[in-house]
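Asker: Sharing a structure below in C-alpha cells format, with a few things to ask.
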Amino acid sequence: SYSQPSAQLLHKDSPAVCSNGKQVRDFLYVKDVASAFVSLLCSEFQGTVNIGSGIPVSLKEVVCKIGEKLDRLDLIRIEEGSNSPLDPDILFADVNRLNKEVGWMPKFDIEHGLDQSIEWWKKRLDLEPGS
C-alpha cells in the first residue's frame, strides 16, 4: 500500500499506512512547478535556483489534511518509530532567488493544491472498472 497515494487508498475505503510523518518537506502543486519552469525559461536568469514553495510542512499534516478532505481520518494509520537515517528530517527549498530574481510566486497554496490533486484522483479512480 506504500506505492499508492493516500488519496487513492482513502477514496477506495482502504487504510493508508504512513510513516511516523515527522519528516518536514516542501510541497508544490504540479501546475505551479510547470509555471516556475516556464518563468525560468522566459527569463534572463542564469545560475542555480530552487523550485518549491519554501514552506515547510510535516508529512503527517499533509496526510491528515487529505484524510479530513475525504472525511476518512479513520483510515489513516500513522506508524510509530523513527525514520531511516538516510531520510533527512527537514527538507525544503530556499526560494528567495526564484521569488526575487525571477519574479515567480506560486498560485496554489497547499489547501488548493491538495483539493486539485484529490479531484484528479477521484476522476481517475471513478473511470477504473470496479471502483
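The values are calculated or read from the model by the stated rules, or taken from the named source; none is laboratory data. Note that the structure is a prediction, hence the values are computed from the model and not measured. So basically every Cβ, Gly included, is an ideal-geometry build from the backbone, and we count neighbours across all protein chains shown. Accessible surface areas use protein heavy atoms only, side chains included; no ligands, DNA or RNA. Shrake-Rupley method; radii C 1.70, N 1.55, O 1.52, S 1.80 Å.
Asker: I'd like the full set of residues that are polar (S, T, N, Q) and open to solvent by 40 Å² or more (accessible area, probe 1.4 Å), limited to the range 20-60. Write out each step before concluding.
Answerer: To start, the set of residues in the range 20-60 that are polar (S, T, N, Q) comprises 20, 23, 35, 39, 43, 46, 48, 50, 53, 58.
Result: Q46, T48, N50.
Asker: For the range 61-70, check the following and say yes or no: at least one residue is over 15 Å from the mean Cα position of the chain (by Cα), on the phi > 0 side of the Ramachandran plot, open to solvent by less than 70 Å² (accessible area, probe 1.4 Å) and at pLDDT below 95.
Answerer: No: the range 61-70 contains no residue that is over 15 Å from the mean Cα position of the chain (by Cα), on the phi > 0 side of the Ramachandran plot, open to solvent by less than 70 Å² (accessible area, probe 1.4 Å) and at pLDDT below 95.
Asker: Right, I90: under 15 Å from V17 (Cβ atoms) and touching a residue at least 12 places away in the same chain (Cβ under 8 Å) or not? If you could, list the steps in order and put the result at the bottom.
Answerer: Details: under 15 Å from V17 (Cβ atoms): no; touching a residue at least 12 places away in the same chain (Cβ under 8 Å): yes.
Against the criterion (under 15 Å from V17 (Cβ atoms) and touching a residue at least 12 places away in the same chain (Cβ under 8 Å)), I90 does not qualify.
Asker: Polar (S, T, N, Q) and at pLDDT 95 or above: is that true of N83 in this structure? Before the answer, list the steps.
Answerer: Details: polar (S, T, N, Q): yes; at pLDDT 95 or above: no.
Criteria not met by N83.
Asker: Pairs please, first residue from the range 67-82 and farther than 9 Å from A16 by Cβ and outside any helix (DSSP H, G or I), second anywhere and charged (D, E, K, R) and modelled with pLDDT of 85 or more, Cβ atoms under 7 Å, 6+ apart in sequence or on different chains.
Answerer: I78/K60
Asker: While we're here: Among W121, W104, which is surrounded by 14 or more Cβ atoms within 10 Å (Cβ to Cβ), of a type outside the set (V, I, T) and outside any helix (DSSP H, G or I)? Spell out how you get there, then give the answer.
Answerer: Working: W121 fails: outside any helix (DSSP H, G or I).
Residue meeting the stated conditions: W104.
Asker: Regarding the range 10-31, can at least one residue be identified that is aliphatic (A, V, I, L, M), out of contact with any Ser or Thr (no Cβ under 6 Å at 6 or more places or on another chain) and modelled with pLDDT of 90 or more?
Answerer: First, pick out the residues of the range 10-31 that are aliphatic (A, V, I, L, M): 10, 16-17, 24, 28, 30.
Now narrow it down to the ones that are out of contact with any Ser or Thr (no Cβ under 6 Å at 6 or more places or on another chain): 10, 30.
Subset that is modelled with pLDDT of 90 or more: 30.
Looking through the range 10-31, at least one residue is aliphatic (A, V, I, L, M), out of contact with any Ser or Thr (no Cβ under 6 Å at 6 or more places or on another chain) and modelled with pLDDT of 90 or more.
Asker: Which condition number in (1) open to solvent by less than 50 Å² (accessible area, probe 1.4 Å); (2) of a type in the set (G, A, S); (3) farther than 14 Å from F27 by Cβ; (4) assigned to a loop (DSSP other than H, G, I, E, B) is the one that A93 fails?
Answerer: (3)
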